[in-house]
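If you scroll down you'll find the structure; I have some questions about it.
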């Protein structure tokens, strides 16, 4: 979205989950690049707000998942089920 990796300020959606009634964009964040000590925190919030505004008619609100929530396959499954529910 908005130029992806080709332009500064572009957005790359990591996962587009087929949820109902609308698909849910999911961003996988990591603490090194997107953590609270980085300037990226404001940029990330701004990008999510832009994406939410532009796609609200056909996508659900975007979600963020952090690297520490995905340290094993079991934990990743639990994280996504917790966010999306079992019926996704």
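The values are calculated or read from the model by the stated rules, or taken from the named source; none is laboratory data. Small disclaimer: the values here were computed from a predicted structure and weren't measured. Because the Cβ atoms are built from the backbone with ideal geometry, glycine has one as well, and the counts that use them run over all protein chains shown.
Quick check on the range 9-33: of everything there that is modelled with pLDDT under 80 and within 16 Å of residue 49 (Cα to Cα), which residue is surrounded by the most Cβ atoms within 10 Å (Cβ to Cβ)?
11
Okay, moving on. How about the range 68-83: which of its residues are modelled with pLDDT of 90 or more and closer than 23 Å to residue 11 by Cα?
68, 69, 70, 76, 79, 80
Next question. As an exercise: evaluate residue 87 against (1) modelled with pLDDT of 75 or more; (2) in a loop (DSSP other than H, G, I, E, B) and give the number of the one condition it does not meet.
Of everything listed in (1) modelled with pLDDT of 75 or more; (2) in a loop (DSSP other than H, G, I, E, B), residue 87 misses just condition (1).
Give the range 68-84 a look and list any residue that's in a helix (DSSP H, G or I) and in contact with a helix residue (DSSP H, G or I) (Cβ under 6 Å, 6 or more places away or on another chain), or say none.
69, 79 - these are the residues of the range 68-84 that are in a helix (DSSP H, G or I) and in contact with a helix residue (DSSP H, G or I) (Cβ under 6 Å, 6 or more places away or on another chain).
I need a count of the residues in the range 60-70 that are under 16 Å from residue 18 (Cβ atoms), free of Cβ contacts under 8 Å to residues at least 40 places away in the same chain and surrounded by 13 or more Cβ atoms within 10 Å (Cβ to Cβ).
Qualifying residue count for the region: 1.
Just one of the numbered conditions (1) in contact with a strand residue (DSSP E or B) (Cβ under 9 Å, 6 or more places away or on another chain); (2) at pLDDT 60 or above is not true of residue 43; which one?
Result: residue 43 fails condition (1) only.
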